[in-house]
Amino acid sequence: MRVSAAIRLADPNQIDALAILGEVPGRAVTDLTLEIGAHAVIRAFSVIYAGSRIGAHLATGHGAVIREENQIGDYLSIWNNSTIDYGCVVGDGVKIHTGVYVAQFTVIEDDVFLAPGVMIANDRHPTCAECMKGPTIKKGARIGINATLLPEVVIGEGALVGAGAVVTRDVPPGCVVIGNPARVVGRADQLQHSAAYLAKAR
């Protein structure tokens, strides 16, 4: 394990020798202390920058990156080759699958699931640093594989964004959206497994 800045790492933990903790960012950060709660499992080639606060039970896949100035709750799972950029707020019980990009200044509430390949944008006018604001993903929302969320949209509590959808406007709570641009096609609480699927599962 390579350590580059002050770290407060609670015990117990499992840190791979090839992980990097406390990487110093290239931008100015007031407080470079990195705090990680107990029971962290940080796998090889993960890089966690200085200046973030991360709760207990963090689990990273290989090659995960967590940038500086993030506030992250307990039980974050971030899988292989996914990135949380700087200045984000992430709640408890969030699951971020493989190959996901979370842009700066995104808010992710508790129990959100991001499927593989989800891309999150934060700048309506690219290269304008003053315009950056990511989406807000409300509690329990699920974002399907390869979906794209544009800046500043709000994904409502318990909503489901379908695979490959491009979300250009707010998604109401509990709704299912699909397509490009994403449109409402139903309610998440009305989705059911088919009888054949349920029989096979038993």
- Message: From Cα pairs below 8 angstrom and at least 6 apart in sequence, can you work out the relative contact order of region 2-201, rounded to a whole percent?
- Response: 10 percent
- Largest fluctuation, P12, P173, P116 only, Gaussian network model of the chain with Cα springs under 10 angstrom, belongs to P12
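Let me check I've understood the local charge: for A59, count other residues with C-beta under 15 angstrom from its C-beta, Lys and Arg +1, Asp and Glu -1. What total comes out?
Working: positive: R43, K95; negative: D16, D74, D92.
With Lys, Arg at +1 and Asp, Glu at -1, the neighbours total -1.
Summing -39500 (n - 2.57) over the DSSP H runs of n ≥ 4 in the chain and dividing by its residue number, what mean residue ellipticity at 222 nm do you reach, to the nearest 500 deg cm²/dmol? Could you put the intermediate results ahead of the total?
On the way: 1 runs with 7 residues, N = 202.
Counting only the DSSP helices, I get -1000 deg cm²/dmol.
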- Message: Give the separation of the Cα centroids, region 2-59 to region 107-138, in Å.
- Response: 22 Å
- Query: Can you list, bin by bin at 10 Å, the percent of alpha carbon pairs in the chain, starting at 0?
  - Reply: 10, 35, 32, 18, 5, 1
- Query: Which order do peptides 53-59, 175-181 fall in by mean Cβ count within 10 Å, highest first?
  - Reply: 53-59, 175-181
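Once the other residues with Cβ under 11 Å from the Cβ of D123 are scored (Lys, Arg +1; Asp, Glu -1), what is the net sum?
Numbers: positive: R124, K133; negative: E130, E152.
So the surrounding residues net to 0.
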- Message: Please list, ordered by chain and number, the residues whose modelled amide H lies under 5 Å from the amide H of V153; skip anything fewer than 5 residues away on the same chain.
- Response: T136
- Quick calc, A17 & R124: beta-carbon distance into FRET formula, R0 45 Å, rounding 0.05, result 0.60
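Give me the extension gain from Q192 to R53: residue separation times 0.36 nm, minus the current Cα-Cα distance, reported in nm with one decimal.
Extra length available between Q192 and R53 comes to 46.2 nm.
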- Estimated FRET transfer efficiency when R0 is 45 angstrom, pair N81-K139 (beta carbons, to 0.05): 0.95
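Among the DSSP beta bridges whose two residues both lie in region 2-201, what percent are antiparallel, rounded to the nearest 5?
Working: 4 of 52 bridges.
Bridges in region 2-201 that DSSP calls antiparallel: roughly 10 percent.
Each reported figure results from applying straightforward, stated rules to the coordinates on display, with no laboratory input. Keep in mind that what you see is a predicted model, and the values were worked out from it rather than measured. Because the Cβ atoms are built from the backbone with ideal geometry, glycine has one as well, and the counts that use them run over all protein chains shown.
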